[in-house]
1. State all residues of the range 198-211 that are more than 30 Å from the chain's Cα centre (by Cα) and either in a loop (DSSP other than H, G, I, E, B) or of a type in the set (Gly, Ala, Ser) (or both); if no residue qualifies, say none.
2. Quick one: how many residues across the range 3-21 are in contact with a Ser or Thr (Cβ under 6 Å, 6 or more places away or on another chain) and at pLDDT 95 or above?
3. Restricting attention to the range 156-178, report how many residues are over 26 Å from Tyr71 (Cα atoms) and either surrounded by 19 or more Cβ atoms within 10 Å (Cβ to Cβ) or of a type in the set (Val, Ile, Thr) (or both).
4. Being under 28 Å from Ile154 (Cβ atoms), of a type outside the set (A, V, I, L, M) and out of contact with any strand residue (DSSP E or B) (no Cβ under 8 Å at 6 or more places or on another chain) is true for just one of Asn9, Asn24. Which residue is that?
5. Looking only at the range 1-26, which residues are out of contact with any helix residue (DSSP H, G or I) (no Cβ under 6 Å at 6 or more places or on another chain) and in a loop (DSSP other than H, G, I, E, B)?
6. If the requirement is being within 19 Å of the chain's Cα centre (by Cα) and either acidic (Asp, Glu) or over 30 Å from Tyr106 (Cα atoms) (or both), which of these qualifies: Asp241, Asp230, Asp226, Asp249?
7. With the checklist (1) surrounded by fewer than 22 Cβ atoms within 10 Å (Cβ to Cβ); (2) more than 23 Å from Glu269 (Cβ to Cβ) in hand, flag the one item Ile52 doesn't pass.
8. Scan the range 95-119 residue by residue and report those that are more than 13 Å from the chain's Cα centre (by Cα), small (Gly, Ala, Ser) and surrounded by 19 or more Cβ atoms within 10 Å (Cβ to Cβ).
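The values are calculated or read from the model by the stated rules, or taken from the named source; none is laboratory data. Fair warning: this is a prediction, and the values are worked out from it, not measured in the lab. Here Cβ is always computed from backbone atoms with ideal geometry, including for glycine, and neighbour counts include all displayed protein chains.
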Amino acid sequence: MNLYLIDGNSYFYRAFHAIRGLTNSKGFPTNAIYGFTNMIMKIIREKKPDAIAIAFDSPVPTERHKIYEEYKAQRPETPSDLVLQIPYIKEIINAFNIPSFEMPGYEADDIIGTVAKKAAAQNITVFILSGDKDMMQIVGNGIKIYDPMKDVFIDEKYVIERFGLPPERLTEIMAITGDAVDNIPGVKGIGEKTAKELLSKAGSLDELIDHPEKTASERLRKMIADNIEDIKLSRILATIDTDIPVDVDIRRLTVGDPDWPKLLQLFTEFEFKSLIKLIPSKGREPRGQYRAITDREDLKRLLGKT
């Protein structure tokens, strides 16, 4: 059995920025809706997942915000055109009968990390769809990342070749380099290459911060010694919580039949002609009770005439 876990926020942002200027004839923006929906349909059609779920960030401040007010503080507000589309993206997800999760105080990363670990423990192969490199820290033991844009799978071997360290140690690199996207401080002036060299020589982040005097370079030695508290904080901020209290039965995430009539209604409203063509003919049948009018007398009775 395989399970595809999708970072909803990551992908509706991707869709929004990848497709520009798409609206329906009423002028309503549809670029994020179209891009996200197309991605969902492609995953289901081409990868044929046994199970699937989507996680979203909660607007409620997380524990990370509580310990560091500046966490993600530099991020711009969500574009108004995207804000308008998010409810419809979630409506389409519901029409696909795909379970979605959002927990106050937790990020989508934490939900995905927890569900992925639970699934992997049940010998379920997990594929995570996320554009966030942070997620690479939980790769391995049946968990991979899939990038549908590049059609690339990221496994433990890829992470080691890319960073020179196993996935579980990626937070050590981020503790030193920080992360401009999430406003994680790290140590200003130390990049990824230098961080990898420091960690390789020290053996671990704890060894590096416990004994900065062992660092050969005087400049780097001082930079580490002067920023130990920021390094410790950054590791906490960068670490995905894989043990949050999310209530989910992995076996109930299996892919079901979409509500095709509902999707037809939404695709028609947004004028997604190319997506309408992908709806099977049985999904285009009208809902509710109906009967054929075969002669004039039937038509008169229907119209209330005698």
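1. Ser200, Ala202, Gly203, His211 - these are the residues of the range 198-211 that are more than 30 Å from the chain's Cα centre (by Cα) and either in a loop (DSSP other than H, G, I, E, B) or of a type in the set (Gly, Ala, Ser) (or both).
2. Going residue by residue through the range 3-21, those that are in contact with a Ser or Thr (Cβ under 6 Å, 6 or more places away or on another chain) are 7, 10.
Next, only the ones that are at pLDDT 95 or above stay: 7.
Matching residues across the range 3-21 total 1.
3. 1
4. On inspection, the qualifying residue turns out to be Asn9.
5. Scanning the range 1-26 gives Met1, Arg20, Gly21, Ser25, Lys26.
6. Step by step, each of Asp241, Asp230, Asp226, Asp249 is checked, and only Asp241 is within 19 Å of the chain's Cα centre (by Cα) and either acidic (Asp, Glu) or over 30 Å from Tyr106 (Cα atoms) (or both).
7. Evaluating Ile52 over (1) surrounded by fewer than 22 Cβ atoms within 10 Å (Cβ to Cβ); (2) more than 23 Å from Glu269 (Cβ to Cβ) leaves (1) as the failure.
8. Result: Ala95, Ala119.
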